[in-house]
Amino acid sequence: MKDFSEYKNVWVFAEQRQGKLMNVALELIGEGYKLSREISKDTKLCAVLAGHDVDHLVEELYAYGADCVYVLQNELLAQYTTDAYAKVITDAIHQYKPEIVLFGATHIGRDLAPRIAARLNTGLTADCTRLDINTGNYMDYLEEYTTASLTGLDRNDPSTNIKQTRPAFGGNLMATIVTPNTRPQMSTVRPGVMAKREPVEGAGGERVDVEVQISKKDINVEVLEVVKAAKELVSLTDAKIICSGGRGLGGPENFKLIEELAEKVGGVVGASRAAVDAGWIDPSHQVGQTGTTVKPEIYFACGISGAIQHLAGMQTSKIIIAINKDPECPMMQLADYAIEGDLKKVIPELIAMWDGE
Ligand code: FAD
């Protein structure tokens with residue numbers, strides 16, 4: 001049996017861009033805090049903050065629940081590059097030996113986590129939507145759910161295992177994965193599915209300034225300029241209200257209705273994949289399993305049937321308002337407010353109501 005006793009604590013990669021923490025980093029601090037307390041009262045939730053001139057973010061990480069912040073600063077970390085970030089975080093993991101390391105499933109997290117996992121020769125579960133600490137023996141759990149051979153796994157393994165759940169086979173089943181034979185256990189987690197903690201102003205914590213060993217020869221690319229892509233302007237993840245349109249719109253011209261509704265209610269435009277695949281709207285608007293996962297206060301689903309792959313990306317929205325001709329479709333069944341009718345009539349009426357006409 002492998003001895004993992006020197007691996008301790010839960011780490012969260014505190015992804016920042018241009019000196020601003022990504023929402024998913026704060027969500028993972030919330031989730032990581034919960035997991036760390038489930039493991040033991042001595043287990044800490046640690047944020048790993050890499051960059052240049054990022055001191056101002058440390059307090060924010062404490063406020064959202066970090067017990068400890070590992071700060072990795074160097075001017076070669078000012079812009080994200082795979083080589084530099086993978087090297088310094090891998091070195092820190094070797095040095096401090098965390099038990100669990102979590103990344104947001106953002107473009108950066110998806111690029112970085114597998115490279116670090118490969119360098120550490122450890123397991124990585126990508127795109128998780130749920131994480132649990134296994135309180136019983138994971139073998140009991142696995143035996144209940146699988147007929148596959150479980151050779152190589154140890155019934156008497158005393159170490160803590162994290163159960164990582166992610167959609168599989170096109171979202172038709174949820175797979176639960178453990179990586180019991182390697183440490184650290186690593187996951188990327190979708191933005192928008194975990195809950196942030198309420199920030200506590202003035203919360204303190206431990207700070208560890210990690211000595212970063214990095215030089216230009218470790219980095220194979222040079223970032224000359226960061227140009228904000230037009231699609232980054234669509235911030236579905238952070239939107240409080242989302243107005244989404246689907247195939248029921250009947251054509252690209254009717255996205256105007258969705259845009260008008262979004263403007264009226266102060267929301268952002270989303271879309272189903274059917275609308276995106278038809279070329280009616282840019283893919284950056286897509287909500288769902290292969291699009292963005294969202295959790296707004298209000299989600300308008302206009303002419304969207306509610307296929308499982310769409311629901312996977314929005315079903316935790318606080319209030320769902322569906323507009324559809326078919327009262328039996330899954331989206332109408334799920335909705336808090338289901339408006340049966342032709343969206344071309346209903347949406348203008350909603351806009352007029354909003355105006356108080
Ligand atoms: P439809 O299912 O065709 O529904 C159209 C709806 O509009 C119907 O309910 C209809 O009653 C209603 N309607 C029609 N006319 C009107 C009208 N005038 N007024 C009001 N209502 C009207 N889909 C996603 O959305 N996101 C994803 O990320 C995603 N990932 C996928 C990944 C995989 C691997 C696969 C296999 C599929 C994925 N899909 C995804 C596709 C998904 O399975 C569905 O095909 C898609 O969500 C359907 O989009 P829709 O609801 O707009 O269209």
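The values are calculated or read from the model by the stated rules, or taken from the named source; none is laboratory data. Just so you know, these numbers come straight off a predicted model, no measurement behind them. Glycine also receives a Cβ, built like all others from the backbone with ideal geometry; neighbour counts cover every protein chain displayed. Ligands, DNA and RNA are excluded from the accessible area calculation, which covers all protein heavy atoms including side chains. Shrake-Rupley method; radii C 1.70, N 1.55, O 1.52, S 1.80 Å.
Mind checking the full-extension length gain between ASP218 and THR182? Use 0.36 nm per residue of separation minus the Cα-Cα distance, one decimal, nm.
On the way: separation 36, 0.36 × 36 = 12.96 nm, distance 2.66 nm.
My answer for the length gained is 10.3 nm.
Please list 3J(HN,Hα) in residue order for region 287-292, calculated via the Karplus relation 6.51 cos²θ - 1.76 cosθ + 1.60 where θ = phi - 60°; whole Hz, with x for glycine and proline.
9, x, 4, 9, x, 9
Assign unit charges at the C-beta atoms only (+1 for Lys and Arg, -1 for Asp and Glu), then state the dipole size of the chain relative to its Cα centre in Debye, rounded to the nearest 20.
Values: 36 positive and 49 negative charges, 120 e Å.
Its charge dipole is roughly 580 debye.
Working with all protein chains in place, sort SER305, SER36, SER284 by solvent-accessible area computed with a 1.4 Å probe, largest first. Mind showing how you got there, number by number?
On the way: SER305 65, SER36 0, SER284 25 Å².
In descending accessible area the options line up as SER305, SER284, SER36.
Find the relative contact order for region 241-355 and round it to a whole percent, using C-alpha pairs within less than 8 Å whose residues are 6+ positions apart. All intermediate terms of the calculation are to be shown ahead of the outcome.
Numbers: 251 pairs, mean separation 28.7, N = 115.
The normalised contact order for region 241-355 reaches 25 percent.
Any idea of HIS285's accessible area? Nearest 10 Å², probe 1.4 Å.
30
Cut-off under 13 Å on the C-alpha distance; same-chain residues fewer than 8 positions from LYS2 excluded. Which aspartates and glutamates are left, in chain and number order?
Straight-distance partners of LYS2: ASP154, ASP157.
Using Cα pairs closer than 8 Å and at least 6 residues apart in sequence, work out the relative contact order for region 8-218, in percent.
Values: 416 pairs, mean separation 62.8, N = 211.
Once divided by the residue count of region 8-218, the mean separation gives 30 percent.
Quick check: Cα centre of region 3-53 to Cα centre of region 168-198, how many Å?
15
Quote the convex hull volume per residue of the chain, based on C-alpha atoms, as a whole number of Å³. It would help to have the intermediate numbers written out before the result.
Details: hull volume 58.2 nm³, N = 357.
Given the Cα convex hull of the chain, per-residue volume reads 163 Å³.
Ordering TYR80, TYR337 by how much accessible area each has at a 1.4 Å probe, largest first, what is the list?
Details: TYR80 55, TYR337 135 Å².
I get TYR337, TYR80, largest accessible area first.
For region 95-107, just list the computed ³J(HN,Hα) in residue order, Karplus coefficients 6.51, -1.76 and 1.60, θ = phi - 60°, integers in Hz, with x standing in for Gly and Pro.
Working through the residues one at a time gives 6, 9, 6, x, 7, 9, 10, 10, 10, x, 7, 8, 4 Hz.
If you restrict to DSSP beta bridges whose two residues both lie in region 1-145, what percentage is antiparallel, to the nearest 5?
Details: 2 of 15 bridges.
So the antiparallel bridges amount to about 15 percent of the total.
So, in nm, how far is label ARG37 from label LEU173 when the simple model puts each one 7 Å beyond its Cα toward the Cβ?
Taking the simple label geometry, ARG37 and LEU173 are separated by 3.4 nm.
Please give the contour-minus-distance gain from ASP277 to HIS94: 0.36 nm per residue of separation, less the Cα-Cα distance, rounded to one decimal in nm. Present the calculation step by step, with values, prior to reporting the outcome.
Details: separation 183, 0.36 × 183 = 65.88 nm, distance 4.42 nm.
Taking ASP277 through HIS94 to full extension adds about 61.5 nm, to one decimal.
What ranking do 295-304, 318-327, 166-175 get when scored by the average of other Cβ atoms within 10 Å per residue, highest first? Mind showing how you got there, number by number?
Working: 295-304: 25.6, 318-327: 18.2, 166-175: 13.2.
For the peptides 295-304, 318-327, 166-175, the packing ranking is 295-304, 318-327, 166-175.
Write down, largest first, the equivalent ellipsoid semi-axes of region 1-112 in whole Å, where each equals the square root of 5 times an eigenvalue of the alpha-carbon gyration tensor. Write out the running numbers ahead of the final one.
Details: eigenvalues 97, 55, 30 Å².
Each semi-axis is √(5λ); the values are 22, 17, 12 Å.
In percent, how large is the relative contact order of region 179-333, given Cα pairs closer than 8 Å and 6 or more residues apart?
Working: 238 pairs, mean separation 32.5, N = 155.
Averaging sequence separation for qualifying contacts and normalising by length gives 21 percent for region 179-333.
For the chain, set up a Gaussian network in which alpha carbons nearer than 10 Å are linked by springs, and say which option among ILE219, ILE242, ILE162 fluctuates the most.
ILE219
Where does the chain land at 222 nm, in deg cm²/dmol rounded to the nearest 500, when only DSSP H runs of n ≥ 4 count, each adding -39500 (n - 2.57), divided by all residues?
Working: 10 runs with 97 residues, N = 357.
About -8000 deg cm²/dmol.
Multiply the residue gap between ASP132 and MET353 by 0.36 nm, knock off their C-alpha separation, and tell me the result in nm, one decimal place. Spell out each step's value before the answer.
On the way: separation 221, 0.36 × 221 = 79.56 nm, distance 4.43 nm.
Gain on extension, ASP132 to MET353, equals 75.1 nm.
Set Lys and Arg Cβ to +1 and Asp and Glu Cβ to -1, take the dipole of the chain about its Cα centre, and tell me which of ILE308, LEU26, HIS56 lies farthest positive.
Farthest along the dipole direction, towards plus: ILE308.
When all protein chains stay in place, what accessible area (Å², nearest 10, 1.4 Å probe) is found for ILE39?
40
What share of the DSSP beta bridges in the chain is antiparallel, in percent to the nearest 5? Write down the numbers at each step before the final one.
On the way: 11 of 56 bridges.
In the chain, DSSP labels about 20 percent of beta bridges as antiparallel.
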